[in-house]
Every structure is written in structure tokens, then in C-alpha cells.
1. Testing MET37 on (1) away from the ligand (no atom under 16 Å from the Cβ); (2) closer than 21 Å to TYR117 by Cα; (3) in contact with a Lys or Arg (Cβ under 8 Å, 6 or more places away or on another chain), one condition comes back false. Which one is that?
2. Using the structure shown, decide if GLU70 is under 16 Å from LEU7 (Cα atoms), more than 16 Å from the ligand (Cβ to nearest atom) and touching a strand residue (DSSP E or B) at 6+ places or on another chain (Cβ under 9 Å).
3. Hey, among the residues in segment 103-129 that are small (Gly, Ala, Ser) and in contact (Cβ under 8 Å) with a residue 40 or more places away in the chain, which one's farthest from LYS54 (Cα to Cα)?
4. Inside segment 20-33, can you point out the residues that are under 23 Å from GLY74 (Cα atoms) and crowded, with 18+ Cβ neighbours inside 10 Å?
5. What are the pairs, 6+ residues apart or on separate chains, where a residue within segment 9-35 that is assigned to a loop (DSSP other than H, G, I, E, B) has its Cβ under 6 Å from a residue that is at pLDDT below 95?
6. Take segment 76-97 and flag every residue that is surrounded by 17 or more Cβ atoms within 10 Å (Cβ to Cβ) and either of a type in the set (Ser, Thr, Tyr) or at pLDDT below 95 (or both).
7. If only one of LEU81, LEU95 is under 16 Å from the mean Cα position of the chain (by Cα) and within 16 Å of the ligand (Cβ to nearest atom), which one is it?
Amino acid sequence: MYSEKVLDHFTNPRNVGELPDADGVGEVGNARCGDIMKMYLKIDGDTITDVKFKTFGCGAAIATSSIATEMIKGHSIADALNLSNRAVVEALDGLPPAKVHCSVLAEQAVKAALADYYTRRGIDPEPIVGHVKKDVHEGEEESCPSCSGCDH
Ligand code: FES
């Protein structure tokens, strides 16, 4: 059901923890399952020099946040802004359909941390980062169309 990469990142997640001197911190959640993801970024110039995360959530949420940190660490802010949940799922060699939606947490947590980075610098983040969903199901109908059959 789960790829080896998912199992690897779930059992041995990379970059877990906090950055006390982070330049941007983002927290997003999934109100339906109660899962929460917090992402910390250290940024030097245009480069994300360090990333840590803490995820209180399902295995797919942990695996996606873990690989997302690897995909943005050492990369530019622009690369991080382009990180899509689809790219995260592909990097994990796929997720079961009912779990694809968990990967949105990782995408939105990175964006939330970048929004915080700009806000701290007195820059309105929305034109750069776009709208960040603090709850990944924000604005959706009661039943989640992306994961029908699961209990989100
Ligand atoms: Fe909550 Fe995966 S993010 S079930």
C-alpha cells in the first residue's frame, strides 16, 4: 500500500525538530483529522539554509513533511514557493489515493513559513506567497472531494 520511500520517511523522518532562531515559522492544520504541521525555515539571502519540522499527524503527513524539507533545504525561496503537493507525492513514489490530501499540509506549511518570513520583514506576503490555508480544507464543502472514502 505504501512505497518504500514513504515507509522510510515515516520511520526515519529527516529534519525533525525546531529552529529557535528561525526566520520564518508556519503552522497549518487539517481540522477534520486534527493533524498539525509546523515548519521552521532559516533563510540567508535568497537561500533556505536550514529546515526543521514537527508534525502531529498521520504517517503520510510525517513522510510528506520529511521529504518536503529535503526538497527545499539548500534551495531558493522561489523553488520552495513552487513546491507542490503533487511534486512531494511523486518524490515519495506515490501515496494511496485517500492519503494524497495529507501532502497538502506539507505544501501549505512551507508557504505559511515563507509568509511569516515576509511578514516579519514588513512585506505583505500575499502577492508573493499567495493565500495560505491555515486549515487545508478551508473553503471546501463538508465532504472532501480529494479523499472520498477516507475520514478527513
Ligand atoms: Fe490527517 Fe493525513 S493529514 S489523516
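1. So the condition that MET37 fails would be (1).
2. Details: under 16 Å from LEU7 (Cα atoms): yes; more than 16 Å from the ligand (Cβ to nearest atom): yes; touching a strand residue (DSSP E or B) at 6+ places or on another chain (Cβ under 9 Å): yes.
Spelling it out, GLU70 is indeed under 16 Å from LEU7 (Cα atoms), more than 16 Å from the ligand (Cβ to nearest atom) and touching a strand residue (DSSP E or B) at 6+ places or on another chain (Cβ under 9 Å).
3. Pass one, segment 103-129, residues small (Gly, Ala, Ser): 103, 106, 109, 112-113, 115, 122.
Remaining after also requiring in contact (Cβ under 8 Å) with a residue 40 or more places away in the chain: 103, 106, 109, 112-113, 115.
Numbers: SER103: 14, ALA106: 11, ALA109: 10, ALA112: 14, ALA113: 13, ALA115: 18 Å.
Applying the filter and picking the extreme gives ALA115.
4. Looking only at segment 20-33, we keep the residues that are under 23 Å from GLY74 (Cα atoms), and these are 20-28.
ALA22, ASP23, GLY24, VAL25, GLY26, VAL28, listed by residue number.
5. Short answer, once both residue conditions are applied: ALA31/ASP135; ARG32/HIS137; ARG32/HIS152; CYS33/HIS152.
6. ASN85 - this is the single residue of segment 76-97 that is surrounded by 17 or more Cβ atoms within 10 Å (Cβ to Cβ) and either of a type in the set (Ser, Thr, Tyr) or at pLDDT below 95 (or both).
7. Values: LEU81 fails: within 16 Å of the ligand (Cβ to nearest atom).
Being under 16 Å from the mean Cα position of the chain (by Cα) and within 16 Å of the ligand (Cβ to nearest atom) holds for just one of LEU81, LEU95, which is LEU95.
Here's the yes/no breakdown for (1) more than 28 Å from GLU140 (Cβ to Cβ); (2) touching a helix residue (DSSP H, G or I) at 6+ places or on another chain (Cβ under 7 Å):
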{"residue": "TYR2", "(1), (2)": "no, no"}
{"residue": "LEU19", "(1), (2)": "yes, no"}
{"residue": "CYS33", "(1), (2)": "no, no"}
{"residue": "MET37", "(1), (2)": "no, yes"}
{"residue": "THR55", "(1), (2)": "no, yes"}
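The values are calculated or read from the model by the stated rules, or taken from the named source; none is laboratory data. Just so it is clear, the model here is predicted, and its values are computed rather than measured. Virtual Cβ from ideal backbone geometry, glycine too; neighbours counted across all protein chains shown.
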